[in-house]
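In what follows, a structure is listed as structure tokens, so that the remarks can point back to it.
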Amino acid sequence: MYLSLVIPVYNEEESLPHLFEAIHAALEDFPHTWEVLLVDDGSKDQSISVLKELAKKDPEHIRVVAFRRNFGQTAAMAAGIDHAKGEIIVLLDADLQNDPADIPMMLKKLDEGYDVVSGWRKDRKDTYLTRTLPSNMANGLISRVTGVELHDYGCTLKAYRREVLTGFKLYGEMHRFIPVFAHSVGAKIVEIPVNHHPRRFGEAKYGLERILKVLLDLFTVKFLLSYSAKPIYLFGGAGFGIIAISAALLLFLAIRRIFFDIAVFGSPLFQISAMFFILGFQSILMGLIAELQVRTYHESQHKPTYTIKEKINFSDKK
Ligand code: UDP
Ligand code: MG
């Protein structure tokens, strides 16, 4: 199988037939094998019966995975990736905001030697104040923090080579960080503008609370990327920093006591210094516990701490 389209579906009954048509139109004379993997994320409307009908109509191309309840877009995308057979996986939304007509162009870009082609909704059709603006700010922040410069993390429409989607799991709401994880296993990423349409049917599933979730996810992602193999550097670094503050306060108190005859206990500085010392010490201990956890994480799953692109002159698998 060459190409898998992976599509999360939650309450999109009206969009689905149009989506199906648009995909067929886009892939009409596509020279390779392709499939569409739709994951029904516990829809409460008739999405699943529509999906079943479409699957019956086109068993060659349409496959459906149905969740027992709503697990969220990230879980739906993860399930789709797990069940997809294609060498190339294209993710897109079911709500017709992404345009399947962009797919052939994205595949061409992949052929130029990239591992990820990231869609960018350059001319975005969402309300500015509540969607586009916060999203632009988030994109800037994520790019800075992760070092992977993209204009549009939130755009689902992206094409991936299968290899760069293995080696990590998606939790929470982390689907927007897939390019960052892919980059961490060495993927070459390029960004291209794609079409974007206003939502025609159904309603958007997210509100402003998403901003907070993205921010918190960013902390996790940054930590995982930079310190997951060496957490003691972060915790220990912070610990020593805090202990240094504690020592500076003590020194200040000592100098005041010796040269200016001001009582150590005349101000709360001594207690504050002691508090900083305990905090710093605790932080270093937490770093040690994290080091233990990291070993459990990697060794229990036989997960290496590196990714290999190819091996030369290895006859067996070892
Ligand atoms: N979606 C999903 N599970 C959810 C919420 C959304 O599978 O719990 C799907 C939804 O059907 C759509 C895509 O994820 O295909 C993006 O959702 P939406 O259009 O509401 O998000 P936005 O365009 O605002 O990012
Ligand atoms: Mg949408």
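The values are calculated or read from the model by the stated rules, or taken from the named source; none is laboratory data. In this text the structure is predicted, and so the values were computed from the model without any measurement. No Cβ is skipped: glycine too gets one built from the backbone with ideal geometry, and neighbour counts run over all protein chains shown. Quick note on the areas: whole protein, heavy atoms, side chains included, nothing else; ligands and nucleic acids left out. Shrake-Rupley method; radii C 1.70, N 1.55, O 1.52, S 1.80 Å.
Details
- Projecting the Cα atoms of His302, Met77, Ile278 onto the charge dipole of the chain (Cβ charges, centred on the Cα centre) puts Ile278 farthest toward the positive pole.
- Built amide H within the under 5 Å cut-off of Ala66, gap 5+: Asp40
- Label-to-label distance, Leu292 versus Lys85, with points set 7 angstrom from Cα along the beta-carbon direction: 4.7 nm.
- Placed amide H near Leu5: partners under 5 Å, 5+ positions off or other chain: Glu35, Val36, Leu37, Val90
- Candidate residues Trp34, Trp120: accessible-area rank, largest first, probe 1.4 Å: Trp120, Trp34
- Working note: Karplus 6.51/-1.76/1.60 with θ = phi - 60° gives the stretch 15-21 the couplings 6, 3, x, 5, 4, 4, 4 Hz, where Gly and Pro are set to x.
- Distance between the stretch 210-225 and the stretch 232-247 - C-alpha centres, whole angstrom: 23
- Cα centroid of the stretch 1-74 to Cα centroid of the stretch 181-196, whole Å: 23
- Label positions at Leu141 and Leu215, each projected 7 Å from the Cα along the C-beta direction, are separated by 0.5 nm.
- Shape of the stretch 177-318, Cα gyration tensor, a/c cut at 1.5: oblate
- P(r), alpha carbons of the chain - 20 Å bins starting at zero, rounded %: 27, 46, 19, 7, 1
- Accessible-area composition of the stretch 39-86, carbon plus sulfur, in percent [1.4 Å probe]: 51
- Calculated accessible area for the chain comes out at 57 Å² per residue, all protein chains present (probe 1.4 Å; ligands, DNA, RNA ignored).
- Semi-axes of the equivalent ellipsoid for the stretch 3-67, Cα gyration tensor, largest first, Å: 20, 12, 10
- Under 5 Å from the amide H of Lys158 lie the amide H atoms of Leu91, Gly119, each residue being 5 or more positions distant or on a separate chain, with H modelled from the backbone and absent for Pro and chain starts.
- Label-point separation, Ile308 to Glu53 (7 Å along Cα→Cβ), nm: 5.1
- Taking the helices alone, the chain has a mean residue ellipticity at 222 nm of -15000 deg cm²/dmol, built from -39,500 (n - 2.57) per DSSP H run of at least 4 residues and averaged over all its residues.
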